[in-house]
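One structure is given below, encoded as structure tokens.
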Amino acid sequence: MPKTANAPATAVVPSSAGTPATAAAATPVTPAPGAPATVSLRERRRLATESEVSQAALELFETRGVAATTIGDIARAAGISERTFFRYFSSKEETVLDFQHWFDEPTRALLAARPAPGDLLNQLEDACAVVLRKLDGPERAAAERLRRIRSLMKDEPTLRAVSAMLDGEQTRALADHIVQTFDGRVPFVEARVVAEIVGMGLRAACENWSSRLDAGEPATLEGSYRLVRQTIVSMTAMTATTDAVTPPA
């Protein structure tokens, strides 16, 4: 899926002295909500570093703002060099924009199982719903981090712009993967529409969820996504009915 491979691991607090935080080795690292539960030692180290950098960036963005925060500031807070920073992220904004990547592994697993092309959209949405259910439950800490990021984005246009760019890249990647999976039996335009609906649905659900919580209303990510899916189905059915009763010009 919308670069939404920077997995949200359990937050590791950077050392106040600006040296590498020793807590990274001792704190269990949680893979992204949609990732396999078992990961290699090398992957765990990567996740730990990404988690430190992402947490440091989020805290700096919240206190200083994105524009006033440099990559050097983030690197120092995370206890790494700027050169090391670029091994993990290509920009400071990407450090906190990993939401869509949480769905990469579930969508890859689904496509690897070669689902029926006619039911592809529904199955992809079901796979995404499983990830959102985890965020509402055992991965609630990642959901709370997501809410902080969504709140930050309201006043940070650069975050919104980079997020839109990354969403576009992820959508194109998913569409390409669908075409390759079915050896061209699913036309690119159909694959692109499916990928766009999946990405749009996740964004709309996230916005609905965070807005309702900000308004003091109860909300879950899975419930918000269910509402979005129902709305898409209703609107599609309404359009089909209108097309059926409207005589050709």
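The values are calculated or read from the model by the stated rules, or taken from the named source; none is laboratory data. Predicted model only: the values in this text are computed from it and were never measured. Note that we place each Cβ from the backbone using ideal geometry, even for glycine, and neighbour counts take in every protein chain shown.
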(message) Quick check on the range 103-116. Is at least one of its residues touching a Phe, Trp or Tyr at 6+ places or on another chain (Cβ under 7 Å) and buried (at least 17 other Cβ atoms within 10 Å of the Cβ)?
(response) no
(request) Looking for whichever is among the small types (Gly, Ala, Ser) and either under 23 Å from VAL233 (Cβ atoms) or buried (at least 19 other Cβ atoms within 10 Å of the Cβ) (or both) here; the options are ALA161, ALA129, ALA173. Which one fits? (result) ALA129
(request) Scan the range 132-139 and give yes if some residue there is of a type in the set (A, V, I, L, M), more than 20 Å from PHE61 (Cβ to Cβ), crowded, with 19+ Cβ neighbours inside 10 Å and not assigned by TED's automatic domain parsing to the domain that holds THR63, otherwise no. (result) yes
(request) Kindly state which helices (runs of 4 or more DSSP H) lie completely within the range 60-155 and contain at least 1 residues that are of a type in the set (Gly, Ala, Ser). (result) 71-78, 104-112, 120-136, 140-153
(request) Collect the residues in the range 216-249 that are hydrophobic (A, V, I, L, M, F, W, C) and at pLDDT 95 or above, keeping them in residue-number order. (result) ALA219, LEU221, LEU227, VAL228
